[in-house]
Amino acid sequence: MTKYILKRILYLFLTLFIIASITFFLMKLLPGTPFTNQNRLSHEQLAIVKAQYGLDQPVLIQYLRYMGGLFQGNLGTSFQFNNEPVTQLIGQRLAPSMQIGAQAMIVGTVLGILLGAFAAIRKNTWVDTLATFISILGLSIPSFVLAVLLQFYLAFKWHIYPVALWDNFQSSVLPTLALAALPLGNVARFMRTEMVDVMSSDYIELAKSKGNSSWQVVTKHALRNSLIPVVTIIGPMAVSVMTGSMVVENIFSIPGIGEQFVKSITTNDYPTIMGLTIFYSFLLILVILIVDILYGFIDPRIRLGNGGKE
Amino acid sequence: MEKILDVKNLHVNFATYNGTVQAIRGVDFHLNSGETLAIVGESGSGKSITVRSILQLLAKNSDIPEGQILYHGDDLLQKSDKEMDAIRGDKIAMIFQDPMTSLDPTMPIGKQVAEPLLIHHKVSKKEAMDRAEEVLRLVGIPNPKARMKDYPHQFSGGQRQRIVIAIAIVDYPEILIADEPTTALDVTVQAQIIDLLKELQEKIGTSIIFITHDLGVVAGIADRVAVMYAGKFVEYGTVDEIFYNPQHPYTWGLLDSMPTLDTSEQDHLNSIPGTPPNLLNPPKGDAFAPRNSYAMEIDEEEQPPFFKVSKTHYAATWLLHPDAPKVTPPESIQKRFEKFQALKSGGSVK
Ligand SMILES: Nc1ncnc2c1ncn2[C@@H]1O[C@H](COP(=O)(O)OP(=O)(O)O)[C@@H](O)[C@H]1O
Ligand code: SF4
Ligand SMILES: [Mg+2]
């Protein structure tokens, strides 16, 4: 297992290297320059600024420099935002994004598992119908629509939560809910299908024949086995929460990374775009790695391989 | 001999989109303490449903409109879910057909074997695990102490069935129900599992209901045999009576389709022609009539009652009615009758 994890971490860095290279060259193909909107700069001034950022060098040299910095954990300095180092920019804005992202993933996954499990246990009853209804809602309403609705009713009209503010936990509730809907719907649907399958399997019948009560059969045998495939969708779901977060942060004026990303793309702020892309990729690959490790942890057939069989 | 289980007039229906399937249509049998009763019949005849009714492990669309299942005189069909939980795995345990799918793939096998003890008794985890180890050794898992932590996928099919058996016997059940425990295994392993069951029965004195669609494995394990067809029992008696003095044409068919020492695998076996009736609309007369070359007029009209052949041997066929014409059974069956005569006069059957 340790060897496997080390190998996966090596792959993580390889993947990041490739992603960084591709992004670098793709961005060079973007129309416009970082200073397009600064019309007041004269040609000479522009040349000076470009030289300052190394943009007068051949692309290959720029690339090598950038990658060199990257290896030392340096993502360059932003063209906008007061020439702050990109790492510092990301660092400052990381906390709010991570908080609502993680909260949304946890709330969505846990509630989704519960909802799906109840639907499966009470298959073809009103509980099942209600659960299906909720999960379809969660799946089909885009997070920004939900964000606006929540903001309008719970904040603007009924004053239960702040409209757009970022200070304490209270202010994270609405954005979290808006982002949690999708994972909740997804997990609930997956969980229900899987658990219905598991509940009709032979080992569940054997568990019942041992004298386990219906509740014990679920908690001791059915849940864990149903979770195995659910774990696989956590990775893709983290992706949608991250992308959803960009817009939701804007709606609630949360000083997060998503908001930053949108701003830097509209201003051609190369180092910030690069830095954020690499950072997002890193997060994603990390999530997938964690999910895979979790998967092996839940399913002994993966963890132990097929050794010893027959 | 004490009757520990007495099933009376059991009916089981299933509600389906096409209507009500009458899967079990009035079954009576009993199990004596310490004996092994085999239930044989083609697949689909209702063997599994009959025994699953005992533990009430039936699908949600099932219904038991009539009947009693008396366990020490107590009707199990009247028990609450909680009372049944206390009986399952403690008093009556079950071994399932497919060892590849019967074990929880995500739980170490030691824990799975110990589970019934922890459910039914106030024992510590350590005591339960010690006992699980002992039972795993008893069923022939080598090096059980180390292997308790292993998962099902790390064992072969035969070993997995031994583990399933260990789960069933860990709490010394009074009744062990084995539903085709050897069907999914290859022939050599089959024989080992049957030997194991016999050995365990001697050691822990449990009574066994052994289900199979293969009469061939019955002789090695059973004391009595019940033959099932289309949701009813058609004949029951001791092993000798069923093997050497069979009275029901369906039993004749089963015996003739059974491979013997003289038939090699290439030999064509006479499987019974035709198919069982659709139990959505069970026939009015005898369910076997359409497949029975000895069928008479009455067979289409009325179901035969059980006729007594001996104190332990009954068969439900009109052929045993005093007014029925004498028929000549197939030659192979007549040979069996001859052996039965020899047996009765004190010889041994070879
Ligand atoms: N859940 C169910 N719904 C409808 N019919 C069923 C159900 N379970 C079993 N049956 C029917 O009951 C009959 C007996 O099945 P079973 O007892 O499993 O046969 P076997 O003798 O092979 O063990 C079969 O004809 C089957 O189609
Ligand atoms: S009752 Fe009639 S149809 Fe049924 S087995 Fe006997 S002879 Fe055949
Ligand atoms: Mg069966």
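The values are calculated or read from the model by the stated rules, or taken from the named source; none is laboratory data. On a predicted model such as this, the values are computed, not experimentally measured, just so you know. Reconstructed Cβ throughout: ideal geometry from the backbone, glycine too, with neighbour counts over all protein chains shown. Remember, those area values only see protein heavy atoms, side chains included, never the ligands or the DNA or RNA. Shrake-Rupley method; radii C 1.70, N 1.55, O 1.52, S 1.80 Å.
A few notes on this one:
- Every residue from the stretch B:148-158 that is assigned to a helix (DSSP H, G or I) and either at the interface with chain A (Cβ under 9 Å from one of its Cβ atoms) or at pLDDT 95 or above (or both): B:PRO152, B:HIS153, B:GLN154, B:GLY157
- Within the stretch B:74-97, the set of residues being touching a residue at least 60 places away in the same chain (Cβ under 8 Å), of a type outside the set (Lys, Arg) and open to solvent by 20 Å² or more (accessible area, probe 1.4 Å) comprises B:ASP90, B:GLN97.
- Failed condition for A:VAL231, given (1) under 33 Å from the mean Cα position of the chain (by Cα); (2) over 30 Å from A:THR277 (Cα atoms): (2)
- Boolean, A:GLY69 is open to solvent by less than 60 Å² (accessible area, probe 1.4 Å) and at pLDDT 80 or above: yes
- Qualifying residue in the stretch A:228-242 (condition: within 14 Å of chain B (Cβ to nearest Cβ) and farther than 27 Å from A:LEU286 by Cβ): no
- Any hit, the stretch B:310-317, residues being within 16 Å of ligand 1 (Cβ to nearest atom) and on the phi < 0 side of the Ramachandran plot: no
- Selection count where residues are within 11 Å of ligand 1 (Cβ to nearest atom), at positive phi and either among the acidic types (Asp, Glu) or within 14 Å of chain A (Cβ to nearest Cβ) (or both), scope the stretch B:33-77: 0
- The number of residues in the stretch B:280-325 that are open to solvent by less than 30 Å² (accessible area, probe 1.4 Å) and among the hydroxyl-bearing types (Ser, Thr, Tyr) comes to 1.
- Of all residues in the stretch A:225-278, those being more than 28 Å from A:GLY138 (Cβ to Cβ), among the charged types (D, E, K, R) and either assigned to a helix (DSSP H, G or I) or open to solvent by 10 Å² or more (accessible area, probe 1.4 Å) (or both) number 1.
- For the residues A:THR219, A:THR193, the requirement of being within 14 Å of chain B (Cβ to nearest Cβ) and among the hydroxyl-bearing types (Ser, Thr, Tyr) singles out A:THR219.
- The residues on offer are B:ALA128, B:ALA146, and the sole one that is away from ligand 3 (no atom under 16 Å from the Cβ), out of contact with any helix residue (DSSP H, G or I) (no Cβ under 9 Å at 6 or more places or on another chain) and not charged (D, E, K, R) is B:ALA146.
- Of the residues making up the stretch B:330-350, those that are more than 17 Å from B:SER293 (Cα to Cα) and either outside any helix (DSSP H, G or I) or within 16 Å of ligand 3 (Cβ to nearest atom) (or both) are B:SER345, B:GLY346, B:GLY347, B:SER348, B:VAL349, B:LYS350.
- Here A:HIS221 clears all of (1) at pLDDT below 85; (2) open to solvent by less than 20 Å² (accessible area, probe 1.4 Å) except the condition numbered (1).
- B:ALA184 within 14 Å of chain A (Cβ to nearest Cβ), within 16 Å of ligand 1 (Cβ to nearest atom) and either touching a strand residue (DSSP E or B) at 6+ places or on another chain (Cβ under 6 Å) or not basic (Lys, Arg) (or both): yes
- Qualifying residue in the stretch B:284-292 (condition: in a helix (DSSP H, G or I) and free of Cβ contacts under 8 Å to residues at least 12 places away in the same chain): yes
- Which numbered condition B:GLU297 misses (of (1) under 25 Å from B:ILE24 (Cβ atoms); (2) of a type outside the set (S, T, N, Q); (3) within 11 Å of ligand 2 (Cβ to nearest atom)): (1)
- The set of residues in the stretch B:304-329 being touching a residue at least 60 places away in the same chain (Cβ under 8 Å) and either closer than 17 Å to B:ALA230 by Cβ or part of a helix (DSSP H, G or I) (or both) consists of B:ALA315, B:ALA316, B:THR317, B:LEU319, B:LEU320.
- Which listed residue is open to solvent by less than 50 Å² (accessible area, probe 1.4 Å) and either within 7 Å of chain A (Cβ to nearest Cβ) or out of contact with any Asp or Glu (no Cβ under 8 Å at 6 or more places or on another chain) (or both), from B:LEU117, B:LEU103: B:LEU103
- Wholly within the stretch B:182-260, strands (runs of 3 or more DSSP E) carrying at least 1 residues that are open to solvent by 50 Å² or more (accessible area, probe 1.4 Å): B:232-238
- Strands (runs of 3 or more DSSP E) wholly inside the stretch B:1-108 that include at least 3 residues being within 16 Å of ligand 3 (Cβ to nearest atom) and closer than 21 Å to B:ALA178 by Cβ: B:19-32, B:36-40
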